[in-house]
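Asks: First the structure, which I've put down as structure tokens, then a few questions once you've had a look.
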Amino acid sequence: MEPCLEIRCLSAVLPNERRVLRSVSLAVQPGEVRALVGESGAGKTMIGKAVLGVLPKSVRIVEGEMLIEGEDLGRLDAKARRTLIGARTALIPQDPLTALNPSRRIGPQMTDRLVRILGWSGEKADKRIRQLLDEVQIREPERVLKCYPHELSGGMRQRVLIAAAFAAEPRLIVADEPTTALDVTVQKQILRLIAQLQRDHGTAILFVTHDLGVVAKISQKVSVLYAGKVVEEAQTADLFASPQHPYTRALIAATPRYTDPYASLKPVDETVLAGLADEIAAADRAWRPSHG
Amino acid sequence: MAEPLFSVRGLKVALPDMTRKPLIGRTPLAEILKGLDFDLPKGSVTGIVGESGSGKSTLGRALVRLIEPSAGSIGFEGRDISHLSEAELRPLRRDLQMIFQDPMSSLNPRHTIFNIIAAPLRQNGLGDRLKERVAEALQRVGLPQSFAGRYRHELSGGQRQRVGIARALALSPKFVLADEIVSGLDVSTQAQILTLLEKLAAEMGLTVAFISHDLSVIRRLCRQVIVMREGRIVEASATDALFDNPKEGYTRDLLAAIPLPEIDANWLQPPAKVPA
């Protein structure tokens, strides 16, 4: 089966030539949830942004390919690339408040995107949005469509954005820490909704998170990142059953578990971090000559 | 049962309700804490858990008297401090210290780490032997002495939070309020900061109110737990009792909502009964 998203050997640098992505490769099959997990600075959000073509100007891709359903983004001109990304991908962002225009009502914001990017009629877009609001279990769609973003709770705003993301039937959704700002009980509802819609629509998700607990619940496959490098890639069940990389083991042991307070919350060992530093340095030595 | 350091009875706090700001006149008050009763035993670490809007941070701020309660009493070492004036509170301040959630915004960017830690010492008449005392404070939190000359932007998140702890503990307080002190940190750093606080609290015999939204962290660190919701205490008990046998439905919901880092295919299944 052709992967929905394929990233091959992607490297990106900052203006000072420091690498922020280090030969990242991964594939997301259709209808699959792939988690990208790592601590701050690991490059997980950067990968999501690269896929959506919204990297900051300071970050330059120097190597590698990204394919969406077999189409190589690098071979398309800027306009064709934007059209392809717009039609086949969507984003569920971390902070729904900044992702929504504060001065416009929810309804027009949601339909606009479908009309502008996909060329749908207003009527078709409106119908579609109402259907999706129903799927994300918003009980009073009329009221919500007339609201301004600040009039909704965090959980409601995130539901609206999930509905908006699925509305255009994308093949791939990049979910960037979509529940990090939410309370745990709301987080559980939102994760449940994402999983439900993902199954119903057969959408592939690249799920960016720092939380191994969320990884365990939502994903089928996972890539563990450190300093822009994939240090381990596995089926999620295998990762938790038998983590291979020392860093993965350390991360799992550091994650708090109320069921096992003394076996969790273990600080990451210095030798693990030293080993990672060596691994990164070795990877950079091996990489540089071809670009010297 | 140890003698309580804090003994709180019928505590109510009302704050201006910014969602109902009138054009003229005073902003109406909203009751944030609706009558709380609890004790904090001396030398114990108590977890205060709740979701946003539950009033857990307001409770913390009332304990250290950053805000004045509208009703009830806050007994601190047997003395009601709930309505003391700022002048009357001053001698108590050194015993009531705080560690904040975001060390970036709670550390002055223009001051060296030395001056940040020295400030409370100077204000409390401990200006002699400053170098020695600051060195001791840095050592206590595992920071090298060379950090004294640095500024906050030169430090990592975990190092900044160590400075926040060093500052709070410099005066050897009786009570420390720790409000979401690890929620902005990566798990590896979080584990370091928590084990540090755990060790220091035991060594110095501190009484700590540890406010957090994360029950997993609370179980490890705290001897007793107060679960809050909408300005009230839902359940308060010894930590093991609360986790092994939660009495209230809300506590059980909170526990069930925590995504543990282990595979559980049923976790995302919709609940059997639809909540009303």
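The values are calculated or read from the model by the stated rules, or taken from the named source; none is laboratory data. Because the structure is predicted, anything quoted here is derived from the model rather than measured. When we count neighbours, we look across all protein chains shown, and the Cβ atoms used for this are built from the backbone with ideal geometry, even at glycine. Note: areas computed on protein heavy atoms with side chains; ligands, DNA, RNA excluded. Shrake-Rupley method; radii C 1.70, N 1.55, O 1.52, S 1.80 Å.
Asks: Any chance you could run the full-extension gain for A:ASP77 through A:ALA181? It's 0.36 nm times the residue separation minus the Cα-Cα distance, nm to one decimal.
Replies: Computed gain between A:ASP77 and A:ALA181 is 33.8 nm.
Asks: Enter the accessible area per residue of the protein assembly as shown (Å², integer; probe 1.4 Å; all protein chains in place).
Replies: Roughly 45 Å² per residue, with all protein chains present.
Asks: About its Cα centre, what dipole magnitude does chain B give when the only charges are +1 on Lys and Arg Cβ and -1 on Asp and Glu Cβ, stated in debye to the nearest 20?
Replies: Once rounded to the nearest 20, the dipole reads 840 debye.
Asks: Run the simple label-point estimate for B:ASP102 and A:ASN101 please: 7 Å along Cα→C-beta, distance reported in nm.
Replies: Spacing of the two 7 Å Cα→Cβ label points: 2.8 nm.
Asks: Among A:PRO56, A:PRO96, A:GLN109, whose Cα projects farthest towards the positive end of the dipole of the stretch A:5-290, with charges put on the beta-carbon of Lys, Arg (+1) and Asp, Glu (-1)?
Replies: In the stretch A:5-290, that residue is A:GLN109.
Asks: In addition: Considering only lysines 8 or more places apart in sequence, or on different chains, count the pairs in chain B whose C-alpha atoms sit under 14 Å apart.
Replies: 4
Asks: Can you show me the helix-derived [θ] at 222 nm for chain A, built from DSSP H runs with n ≥ 4 at -39,500 (n - 2.57) apiece and divided by the number of residues, rounded to the nearest 500.
Replies: Rounded to the nearest 500, the figure is -13500 deg cm²/dmol.
Asks: Using only C-alpha positions, report the orientation-averaged shadow area of the convex hull of the stretch A:114-168, nm², one decimal.
Replies: Averaged projected area of the stretch A:114-168's Cα convex hull equals 3.6 nm².
Asks: Another question, then. Just to be sure I understand the interface: list residues from the stretch B:226-273 that lose 30 Å² or more of accessible area between the chain on its own and the complete protein assembly, 1.4 Å probe.
Replies: Output list: B:LEU255, B:ALA257, B:PRO259, B:LEU260, B:PRO261, B:GLU262, B:ILE263, B:TRP267, B:LEU268.
Asks: Rounded to the nearest 500, what is chain B's calculated 222 nm mean residue ellipticity when only DSSP H runs of at least 4 contribute -39500 (n - 2.57) each, over all residues?
Replies: The per-residue figure over chain B is -10000 deg cm²/dmol.
Asks: Just the C-alpha atoms of the stretch B:71-172: what Rg/Rh do they give, with Rh taken as the Kirkwood radius?
Replies: That ratio equals 1.04.
Asks: Running a GNM on chain B with Cα contacts under 10 Å, which residue among B:GLY60, B:GLY184, B:GLY249 ends up with the highest mean-square fluctuation?
Replies: B:GLY249
Asks: What number, in nm² with one decimal, is the all-direction average of the projected area of the convex hull of the alpha-carbon atoms of the protein assembly as shown?
Replies: Working: hull surface 118.4 nm².
Value for the protein assembly as shown: 29.6 nm².
Asks: Then there's this: Using +1 at the Cβ of each Lys and Arg and -1 at the Cβ of each Asp and Glu in the protein assembly as shown, identify which of A:VAL24, A:ALA253, B:MET18 lies farthest towards the dipole's positive end.
Replies: The residue sitting most towards the positive pole is B:MET18.
Asks: Using 0.36 nm times the number of residues separating A:THR271 and A:TYR148, minus their current alpha carbon distance, what extension gain do you get? Show your work: numbers first, answer last.
Replies: On the way: separation 123, 0.36 × 123 = 44.28 nm, distance 5.10 nm.
Answer, rounded to one decimal: 39.2 nm.
Asks: For A:LEU21, list long-range residues whose amide hydrogen, built 1.01 Å from N in the peptide plane, is under 5 Å from its own amide hydrogen.
Replies: Distant-sequence amide H within range of A:LEU21: A:ALA12.
Asks: Report the accessible surface area buried between chains A and B, summing both sides, using a 1.4 Å probe on protein heavy atoms only, in Å² rounded to the nearest 100.
Replies: 3400
Asks: Also: Ignoring ligands, DNA and RNA, what percent of the accessible area of chain A is carbon or sulfur (1.4 Å)?
Replies: Values: 6540 of 12910 Å².
Solvent-exposed carbon and sulfur of chain A make up 51 percent of the total.
Asks: Determine, from the Cβ-Cβ distance of B:ALA256 and A:SER25 and an R0 of 51 Å, the FRET efficiency 1/(1 + (r/R0)^6), rounded to the nearest 0.05.
Replies: So the FRET efficiency works out to roughly 0.85.
Asks: Given the Cα atoms of the stretch A:5-290, and with Rh set as the inverse mean 1/r over their pairs in the Kirkwood sense, what is Rg to Rh to two decimals?
Replies: Looking at the stretch A:5-290, the ratio lands at 0.98.
Asks: Let me ask something else. What distance in nm separates the two pseudo spin-label positions at B:THR195 and A:SER121, each 7 Å out from Cα along the beta-carbon direction?
Replies: 6.5
Asks: Also: For chain A, which span is the longest to avoid every loop-located (per DSSP) member of trypsin sites (Lys or Arg not before Pro) having at most 14 other Cβ atoms inside 10 Å?
Replies: A:140-292
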